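**Q** Quick one: structure below, then a few questions.
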Amino acid sequence: MQKFLVLFLLSMFLCSPVTAQNSSGLSQKNERLLNKAFKSYSNKKFKKALNFMEDAMQSDEVQQLSGASLLQANIYFALKDHEEAKNYYLKAIQTAKPSEYSNEVAQIGLARSMAKINKEKESEKIKREKDSIASSSNPNDKTSKEIAPFALIEQVPIYPGCEMEKSNKAHKNCMQQKITAHVADNFKTGISGSIGIKGKIYINVQFKISKDGEVTDIYANALNPLLEEEAIRVIERLPEMQPGTQQGKPVGVIYGLPIIFEVN
């Protein structure tokens, strides 16, 4: 029964019959460890899951499973240790066959981990630059006026279909409703079945509506790279809008959006 359970969980999570078949030769100890790691990951007990995986990874037979490396990478990703996540996604790619689904998922995970690492480096650089500017600030500096948060913009961007609204508040409400409807219609919630996490799923998305009305600089934050990839895909499909304005001039507008759904 224990052997069947771990094979079922691994095949469900990794969607790779090859990986599941390879795991049939595992010792009972390693099967139990992988089973416990997956259950902990599924219940969002990521540190506990990591402990089980570290024990399992002591074995050469587990290290040869691309699915095991993928699970460990996803655990590190959920814990926001993107450097370690990157390393294990690479290992999953190296041990998987090109045709295996785990290879495709690991490629996405690697790309998202690298994006997070680069974002963190960029944020540190921007912070240093802001600190430097603050020490010699120029009151006439126009840089800060080129981008405004959605909540504070004088005239919000106008989403297609919201042109007839009379006030800025009405434009804002209309835009929020349109974007929410767009996400609800286009987000593939079925993707949750392949990530293995249960309960309420949160994805925080931020993007910029440029001075030309285009959606740019999309950033997503979630517990799993597949969720981030899907959120970015959906936001990229937003239509071009009339740009927001500040003091009568077009400016970039930062917009934040939470995506929430539940997996039983």
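The values are calculated or read from the model by the stated rules, or taken from the named source; none is laboratory data. Keep in mind that what you see is a predicted model, and the values were worked out from it rather than measured. Methodologically, a virtual Cβ is constructed for each residue, glycine included, from the backbone with ideal geometry; neighbour enumeration extends over all protein chains shown.
**Q** Within segment 34-91, which residues are free of Cβ contacts under 8 Å to residues at least 60 places away in the same chain and either part of a loop (DSSP other than H, G, I, E, B) or assigned by TED's automatic domain parsing to the domain that holds Glu228 (or both)?
**A** Lys45, Met57, Gln58, Ser59, Gln64, Leu65, Leu79, Lys80, Asp81
Results for (1) among the acidic types (Asp, Glu); (2) surrounded by fewer than 16 Cβ atoms within 10 Å (Cβ to Cβ); (3) out of contact with any Pro (no Cβ under 7 Å at 6 or more places or on another chain), shown as yes or no for each residue.
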site	(1), (2), (3)
Ser192	no, no, yes
Gly196	no, no, yes
Leu227	no, no, yes
Arg233	no, yes, yes
Gly244	no, no, no
Ile259	no, no, yes
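**Q** May I pose another question? Name, by its number, the condition in (1) out of contact with any Gly (no Cβ under 9 Å at 6 or more places or on another chain); (2) closer than 21 Å to Ala78 by Cβ that does not hold for Asn224.
**A** Asn224 satisfies all of (1) out of contact with any Gly (no Cβ under 9 Å at 6 or more places or on another chain); (2) closer than 21 Å to Ala78 by Cβ except (1).
**Q** Same structure again: Could you tell me how many of the residues in segment 83-128 are surrounded by 11 or more Cβ atoms within 10 Å (Cβ to Cβ), more than 15 Å from Gly67 (Cβ to Cβ) and among the acidic types (Asp, Glu)?
**A** 3
**Q** I'd like to know if segment 57-73 contains one or more residues that are touching a His at 6+ places or on another chain (Cβ under 9 Å), crowded, with 18+ Cβ neighbours inside 10 Å, within 16 Å of Leu226 (Cβ to Cβ) and at pLDDT 95 or above.
**A** The answer is no; no qualifying residue exists.
**Q** Sticking with this one: Evaluate segment 211-224: report whether one residue or more is closer than 20 Å to Leu70 by Cβ, in a loop (DSSP other than H, G, I, E, B) and either polar (S, T, N, Q) or touching a Cys at 6+ places or on another chain (Cβ under 7 Å) (or both).
**A** Yes, that holds for at least one residue.
**Q** List the number of the failed condition for Ala222; all other conditions in (1) over 17 Å from Ala115 (Cα atoms); (2) buried (at least 20 other Cβ atoms within 10 Å of the Cβ) hold.
**A** Here Ala222 clears every test but (1).
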